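Taking it in order: structure first as structure tokens, then the write-up.
Derivation of every value follows stated rules applied to the coordinates shown; laboratory data play no part. Since we're looking at a predicted model, the values are computed, not measured. Here the Cβ positions follow ideal geometry from the backbone for every residue, glycine too, while neighbour counts run over all protein chains shown.
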Amino acid sequence: MSHSELLNRSYDFVIDITNLAGVLKERNEYLISTEICRSGIDVGVNIYQAQHAESIEDFSHYLSVALQKANVTDYWLKLLLNSGDIDEVTYKRINKNCSDIMRMLISAVKTTRKKMGRYNP
């Protein structure tokens, strides 16, 4: 995994999430649309910020926050599916992107923590 791949995937993910949030707002689902938009955008923002981190610790921190936000976004996606607010096709497409990003982030965080001498599996 390259950093540019993660950056590009997260950028596309944010576009998907903001489009989904727009659809939800049209259906008057303001609370969930706001929450999933916030967490989804934070995934991309933190990955983007990591690219210009001042230290390896900052880099690790930004990626860890991005992973937490991806996990929260995954929760909102599951809630939307189970409540019937999104169809299964939409869920599977966006959730696959979310899961792929989470796997990349887990790998990057583990690698970074090993470099910092703080790896705890």
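General remarks:
- Unmet criterion (only one of (1) part of a helix (DSSP H, G or I); (2) more than 10 Å from the chain's Cα centre (by Cα); (3) in contact (Cβ under 8 Å) with a residue 40 or more places away in the chain) for residue 10: (2)
- Restricting attention to the stretch 16-52, the residues being small (Gly, Ala, Ser) and surrounded by fewer than 15 Cβ atoms within 10 Å (Cβ to Cβ) number 1.
- Filter result for residue 112 (surrounded by 17 or more Cβ atoms within 10 Å (Cβ to Cβ) and among the β-branched types (Val, Ile, Thr)): yes
- Residues located in the stretch 75-97, provided they are more than 15 Å from residue 19 (Cα to Cα) and crowded, with 18+ Cβ neighbours inside 10 Å: none
- Scanning the stretch 71-92 for residues that are under 14 Å from the mean Cα position of the chain (by Cα) and under 15 Å from residue 12 (Cα atoms) returns a single hit, 73.
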